[in-house]
Amino acid sequence: MQPATERRSHGHRWMSGSEVRRAFIEFFEERGHKEIASSSLVPHNDPTVLLTTAGMQQMTPYFLGLETPPAVRMASVQKCFRTVDIDEVGDESHCTFFFMLGNFSVGDYFKSDSLRWSWEFLTEVLGLPAERLYPTVHPSDEDAYRIWKDEIGVPEERIGKLSDNWWGPVGPTGPNGPDSEIYFDLGPEAGEFGEGPGESTRFLEIWNNVFMEFFQAPDGSRTPLPKQNVDTGMGLERLTAMLQGVSSIYD
């Protein structure tokens, strides 16, 4: 472990990976979430993918209304294996195997609580400077934009609109919906501001709030799910690297 006198940060407290995991789970347990154990890397209930690629995969039967969840609010630290971005593996923030922190709602809370809790965890629990956090939303998601601007108080100039802010499905079919990503400004030493979050290496995506509202059929058509659900994902290694002030997850 890095000696305390050498620990770097972006203005927040230094945390180990185990401390980040525990802080995340405890935060959501305090808000009525049941901790769910990580599922296997080999999905037992999802034939659309070979390996578990996200924390929401074990939640799929609940989102589709096929099974009753153990709780309507859940949180987990899920083992994931992902190859869709294989070309980026080995850079500062991508790897094939990683742990994903996630909180989930099955027909319970929705966008407002999800986004407000994300902001609270990042700024109050982890102590990240609010002025260095840049949320993005899907251009069609006026509700998420309003929540960031009016309820949370993020200045309009720091809220981006990205056309790729749509998550899922994991395979050709399944639950999906608009998402809202949260980026951290690593500072000018990490690159130029450029086009901002999603476009410049200066900004690191740390959390994604997905609003599972639709089911995608094999022909690509989308129909509303029985309930509105929340699925969030935050890479443990990426977040821990940032909290430790190192430039790479491999550090």
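Being at pLDDT below 95 and open to solvent by less than 50 Å² (accessible area, probe 1.4 Å) is a property that holds for Gly220. Residues in segment 114-138 that are surrounded by fewer than 21 Cβ atoms within 10 Å (Cβ to Cβ), within 13 Å of Asn209 (Cα to Cα) and free of Cβ contacts under 8 Å to residues at least 60 places away in the same chain: Arg116 alone. What about Val84, is it in contact (Cβ under 8 Å) with a residue 40 or more places away in the chain and of a type outside the set (Gly, Ala, Ser)? Taking the combined requirement at face value, the residue does not satisfy it.
Residue-by-condition table, conditions (1) over 25 Å from His33 (Cα atoms); (2) among the aromatic types (Phe, Trp, Tyr); (3) touching a Leu at 6+ places or on another chain (Cβ under 7 Å):
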| site | (1), (2), (3) |
| --- | --- |
| Leu66 | no, no, no |
| Glu92 | yes, no, no |
| Asp108 | no, no, no |
| Ser114 | no, no, no |
| Ser118 | no, no, no |
| Phe121 | no, yes, no |
| Glu131 | yes, no, no |
| Thr136 | yes, no, yes |
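Please specify each residue of segment 89-135 satisfying the condition of being part of a strand (DSSP E or B), within 12 Å of the chain's Cα centre (by Cα) and polar (S, T, N, Q).
So in segment 89-135, the residues part of a strand (DSSP E or B) come out as 97-106, 133-135.
Among the residues that remain, those that are also within 12 Å of the chain's Cα centre (by Cα) are: 99-104, 135.
Residue satisfying the conditions is Asn103 alone.
Any chance segment 26-38 includes a residue that's open to solvent by less than 20 Å² (accessible area, probe 1.4 Å) and part of a loop (DSSP other than H, G, I, E, B)? So far as segment 26-38 goes, yes, one or more of its residues are open to solvent by less than 20 Å² (accessible area, probe 1.4 Å) and part of a loop (DSSP other than H, G, I, E, B). Restricting attention to segment 46-88 and to residues that are in a loop (DSSP other than H, G, I, E, B) and of a type in the set (Asp, Glu), the residue that is most open to solvent (accessible area, probe 1.4 Å) turns out to be Glu67.
Return a yes/no flag: does segment 1-14 have any residue that is at pLDDT 90 or above and either in contact with a His (Cβ under 7 Å, 6 or more places away or on another chain) or open to solvent by less than 50 Å² (accessible area, probe 1.4 Å) (or both). Steps first, please.
Applying the first criterion (at pLDDT 90 or above) to segment 1-14 yields none.
Scanning segment 1-14 turns up no residue that is at pLDDT 90 or above and either in contact with a His (Cβ under 7 Å, 6 or more places away or on another chain) or open to solvent by less than 50 Å² (accessible area, probe 1.4 Å) (or both).
Looking across Asp164, Asp141, Asp108, Asp150, one residue alone is within 30 Å of Pro226 (Cβ to Cβ) and open to solvent by less than 40 Å² (accessible area, probe 1.4 Å). It is Asp141.
Okay, residues lined up against (1) modelled with pLDDT of 90 or more; (2) touching a strand residue (DSSP E or B) at 6+ places or on another chain (Cβ under 9 Å); (3) among the small types (Gly, Ala, Ser); (4) farther than 21 Å from Ser180 by Cβ:
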residue: Thr53; (1), (2), (3), (4): no, yes, no, no
residue: Pro69; (1), (2), (3), (4): yes, yes, no, yes
residue: Ala75; (1), (2), (3), (4): yes, yes, yes, no
residue: Lys79; (1), (2), (3), (4): yes, yes, no, yes
residue: Val84; (1), (2), (3), (4): no, no, no, no
residue: Asp87; (1), (2), (3), (4): no, no, no, yes
residue: Asp91; (1), (2), (3), (4): no, no, no, yes
residue: Met100; (1), (2), (3), (4): yes, yes, no, no
residue: Ser105; (1), (2), (3), (4): yes, yes, yes, no
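A search for C-beta distances below 8 Å between a residue of segment 88-107 that is closer than 14 Å to Met59 by Cα and any residue that is at pLDDT 80 or above and acidic (Asp, Glu), counting only pairs 6+ apart in sequence or on different chains, returns Gly102/Asp231; Phe104/Asp231; Ser105/Asp113.
Among the residues of segment 167-196 satisfying the criterion of being aliphatic (A, V, I, L, M) and open to solvent by 20 Å² or more (accessible area, probe 1.4 Å), which is farthest from the chain's Cα centre (by Cα)?
To start, the set of residues in segment 167-196 that are aliphatic (A, V, I, L, M) comprises 170, 182, 186, 190.
Still in the running and open to solvent by 20 Å² or more (accessible area, probe 1.4 Å): 170, 186, 190.
Values: Val170: 15, Leu186: 18, Ala190: 22 Å.
By that ranking, first place goes to Ala190.
The values are calculated or read from the model by the stated rules, or taken from the named source; none is laboratory data. Since we're looking at a predicted model, the values are computed, not measured. Methodologically, a virtual Cβ is constructed for each residue, glycine included, from the backbone with ideal geometry; neighbour enumeration extends over all protein chains shown. Quick note on the areas: whole protein, heavy atoms, side chains included, nothing else; ligands and nucleic acids left out. Shrake-Rupley method; radii C 1.70, N 1.55, O 1.52, S 1.80 Å.
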